[in-house]
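Below is one structure; the comments refer to it alone.
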There are 2 protein chains.
Amino acid sequence: MTHEVLELLLHRDAVMTEDALRRSYAEDPDLMTLLNAERYSLFAGGKRIRPTLVLEFCRLFDGEDEAAMPFACAVEMIHTYSLIHDDLPCMDDDDLRRGKPSNHKVFGDAMAVLAGDALLTGAFEIAASNTAAGAEISAMAVAYLAGNVGRYGMVGGQVMDLEGEEKELTLDQLLKLHSLKTGALITASCVLGALAAGVSFADERMRDVITYSENIGLAFQIVDDILDRTGDADTMGKLVGRDEKHKKNTFLRFFSVEEAGFYAERLTQEAVRALRRHRGSDALCTLAEWLVKRKA
Amino acid sequence: MTHEVLELLLHRDAVMTEDALRRSYAEDPDLMTLLNAERYSLFAGGKRIRPTLVLEFCRLFDGEDEAAMPFACAVEMIHTYSLIHDDLPCMDDDDLRRGKPSNHKVFGDAMAVLAGDALLTGAFEIAASNTAAGAEISAMAVAYLAGNVGRYGMVGGQVMDLEGEEKELTLDQLLKLHSLKTGALITASCVLGALAAGVSFADERMRDVITYSENIGLAFQIVDDILDRTGDADTMGKLVGRDEKHKKNTFLRFFSVEEAGFYAERLTQEAVRALRRHRGSDALCTLAEWLVKRKA
């Protein structure tokens, strides 16, 4: 599959996901500020990589989009909540996100905290209400997703990231930080897609899903670190050089830009290898390659 | 049932819940600050009314404690997260909670946001993993709980509360604010207990559960408003007169302390009436009366 075709597919999945997300909101005049604060960040034009992973893994194993869509919405809502809370002044204090002022710059700190809380909560509501997938799969998906984004997952990773600003982490700790902070939600996205298609944790195909997801998750983060050093602020829609400013631990403390690039390539090949034997994995293999070649 | 016996029962349920909560934590040297921040607030000695409601409603309908306990933990974790986020400087800016410095005063704002996020996420994980109740009930419980504490529930109520500081709400808006901010989690606690016992939403007993819970939820909030005006800071473990300081909309803008007291009594009678026909509802009826007589 060419990158152009992949980008069309990403776009189509993004539109589908955004439609479903939009339909999950009902207006309420007493809650307008909250609803607008949530949607400001939710519809700020992200690449929607996580929902695409959910949808594509469900399709790979012959599942229905209808069963995958609530999970696709859930992972995007959780991704958005994490960006809103991470950007807060008490956290990474970022004023710009996806080319627009951060949520708290527009709505204030209190509303940004609450918009994040509501998105996180809404993610579990929509995932638990997945009638197309059924209660068994929904309960499993919520438990797995929550495990991956909670204290021993994404939140834990953010804590290691914040605390790491004051000390030098070992490479092992940095790998753990990123596997929690970025990797865990990417893995959950892939796994939830497979679950929606009826693939269980006991199924050996799930091992390939997890191998793919862990490899692209780490590659994704390495490319993030490279782009923060070498990227263009206009293309990225956010400030570059933030890692240095915040004294973040990045892979570039351990590797040159060139070495880090090779490392990311190598992980991508591992990811592709895990899926190659599955018919119809073209899009996911191309996506893995596209992710390390991205400029933003 | 005398209040002394009820207090023994509350204490026993609190100990059981705290044991289960404690067991849900595994140590991790890289995450110590987060885990300690969560547990600082989780084990700060709350009255554990919400877990007791879960356990007692499950018992009322002949369910097993084992099936109720994950839900009991979940509602207490969500209650604790809401207190941590509400106390943040950008929200209600409270320095004291349950007689101790607030979470952010001890761990800083960033860690308080993250501890809240982790508790909220952990609540859904533990509720979704309720194998004793089964997947069907777990998925239903997560969906209902998330619906009650999200944008159209508790978070929405907090938004109305914050925004209400700048304007005078109508009595209808105040009733809505409290039904979202306090009532929705209390109702979810009662409903999850009944769900754990196998009572479905179609079951007419669920109507009594909801009538009871909505009435005690509102009565609880009215007593809260009264105590903030007339209570003793030492007994309460938090500052009094906060409502006035923050220009909060309270029931005392519409009623005298005496009228508000009568109103709370009346709601309590409604709650008791809804349960009286159910054998074994003694503890829950006494709890309703105890809640309006409390001094903290």
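Bear in mind these aren't lab numbers, they're just calculated from the coordinates by the rules spelled out. From a predicted model like this one, the values you see are computed outputs, not experimental measurements. Reconstructed Cβ throughout: ideal geometry from the backbone, glycine too, with neighbour counts over all protein chains shown.
What chymotrypsin sites (Phe, Trp or Tyr not before Pro) in the stretch A:80-158 are in a loop by DSSP, with at most 15 other Cβ atoms within 10 Å of the Cβ?
Listed in order of number, the matching sites amount to none.
If Rh is defined by the Kirkwood formula over all Cα pairs and Rg also comes from Cα, what ratio Rg/Rh do you get for the stretch B:173-231?
On the Cα set of the stretch B:173-231, Rg over Rh gives 1.08.
Two decimals is fine: what is log10 I(q)/I(0) at q = 0.14, 0.23, 0.26 Å⁻¹ for the stretch B:239-279, from a Debye sum with one equal scatterer on every Cα and no solvent?
Result of the Debye calculation: -0.49, -0.79, -0.87.
At 7 Å along the Cα-to-beta-carbon direction for both B:Phe254 and B:Thr211, put a label point, then send me their distance in nm to one decimal.
Distance between label points: 2.2 nm.
Give the distance, in whole Å, between the Cα centre of the stretch A:143-166 and the Cα centre of the stretch B:233-296.
Rounded to whole Å, the Cα centres lie 39 Å apart.
Using the structure shown, list the pairs from B:Lys100/B:Lys245; A:Lys100/A:Lys293; A:Lys100/A:Lys295; A:Lys100/A:Lys247; A:Lys176/B:Lys105; B:Lys100/B:Lys176 with a Cα-Cα distance above 26 Å, or answer none.
A:Lys176/B:Lys105; B:Lys100/B:Lys176
Hey, rough spin-label estimate for B:Lys293 and B:Arg266, points 7 angstrom out along Cα→Cβ, what's it come to in nanometres?
Each label point lies 7 Å from its Cα, and together they span 2.2 nm.
Find me the longest stretch of chain B that has none of the exposed GluC sites (Glu not before Pro), where exposed means in a DSSP loop (not H, G, I, E or B) with at most 14 other Cβ atoms within 10 Å.
B:65-164
Can you compute the charge dipole magnitude of the stretch B:3-293 about its Cα centre, using +1 on each Lys and Arg Cβ and -1 on each Asp and Glu Cβ, nothing else charged? Give it in debye, rounded to the nearest 20.
400
What Kirkwood Rh does the stretch A:82-174 have if only Cα atoms enter the pairwise 1/r average? Answer in Å.
Result for the stretch A:82-174 stands at 15.1 Å.
Report, please, the projected area of the stretch B:1-143 averaged over directions, based on the convex hull of its C-alpha atoms, in nm².
Over all viewing directions, the stretch B:1-143 projects a mean Cα-hull area of 9.4 nm².
Return the average number of partner chain Cβ atoms within 10 angstrom of each residue Cβ along peptide B:24-37.
Mean partner shielding for this stretch: 4.
Relative to the compact globular guide of 2.2 N^0.38 Å, what is the alpha carbon radius of gyration of chain A, as a ratio?
Taking the Cα Rg and dividing by 2.2 N^0.38 Å, one obtains 0.95.
Work out how much length A:Ala233 to A:His3 would gain on full extension: take 0.36 nm times their residue separation and subtract the Cα-Cα distance, in nm to one decimal.
So the chain would gain 80.5 nm between A:Ala233 and A:His3.
Largest first and to the nearest Å, give the Cα extent of the stretch A:164-291 along each principal axis.
That works out to 45, 28, 25 Å along the principal axes.
Give the calculated FRET efficiency between B:Asp203 and B:Lys247 to the nearest 0.05, with a Förster radius of 56 Å applied to their Cβ-Cβ distance.
Efficiency for this residue pair is about 0.80.
Defining the label point at 7 Å along Cα→Cβ, can you sort the distances from A:Arg253 to the same site in each other copy, shortest first, in nm?
Between copies, matching label points for A:Arg253 lie 5.0 nm apart.
Rounded to whole Å, give me the distance from the Cα center of the stretch A:36-91 to that of the stretch B:1-53.
33
On full extension of the chain, what length is gained from B:Glu64 through B:His11, given 0.36 nm per residue of separation minus the C-alpha to C-alpha distance?
Separation in residues times 0.36 nm, less the Cα-Cα distance, equals 17.2 nm.
For chain B, what is the mean residue ellipticity at 222 nm derived from helices alone (per DSSP H run of n ≥ 4: -39500 (n - 2.57); sum divided by total residues; nearest 500 deg cm²/dmol)?
Value at 222 nm, helices only, nearest 500: -22000 deg cm²/dmol.
At 7 angstrom along the Cα-to-beta-carbon line, where would the label on A:Arg266 sit relative to the other copies? Give the distances in nm, shortest first.
So the label point of A:Arg266 gives 7.5 nm to the other copies.
Treating only the Cα positions of the stretch A:92-137 as identical point scatterers, give the base-10 log of I(q)/I(0) from the Debye formula at each q in 0.13, 0.19, 0.33 Å⁻¹.
For the stretch A:92-137 at q = 0.13, 0.19, 0.33 Å⁻¹, log10 I(q)/I(0) is -0.45, -0.67, -1.10.
How far, in nm to one decimal, is B:Phe43 from itself in the other copies if the label point is set 7 angstrom along Cα toward Cβ? Shortest first, please.
Sorted ascending, the copy-to-copy spacings read 4.6 nm.
Using only Cα positions of the protein assembly as shown, each an equal point scatterer, no hydration layer, compute I(q)/I(0) via Debye at q = 0.12 Å⁻¹ and quote the log10 values to two decimals.
The Debye formula, applied to the Cα set alone, gives -1.18.
Mind listing the long-range amide H neighbours of B:Leu96? Cut-off is under 5 Å, sequence gap 5 or more, other chains count too, H placed in the peptide plane at 1.01 Å from N.
B:Ser102, B:Leu239
Show me, for the stretch B:247-263, the HN-Hα J-couplings you get by feeding each phi into the Karplus relation (A = 6.51, B = -1.76, C = 1.60, θ = phi - 60°), rounded to Hz, glycine and proline as x.
Each residue of the stretch B:247-263 in turn: 6, 6, 7, 10, 5, 6, 7, 10, 9, 6, 4, 5, 4, 4, x, 4, 4 Hz.
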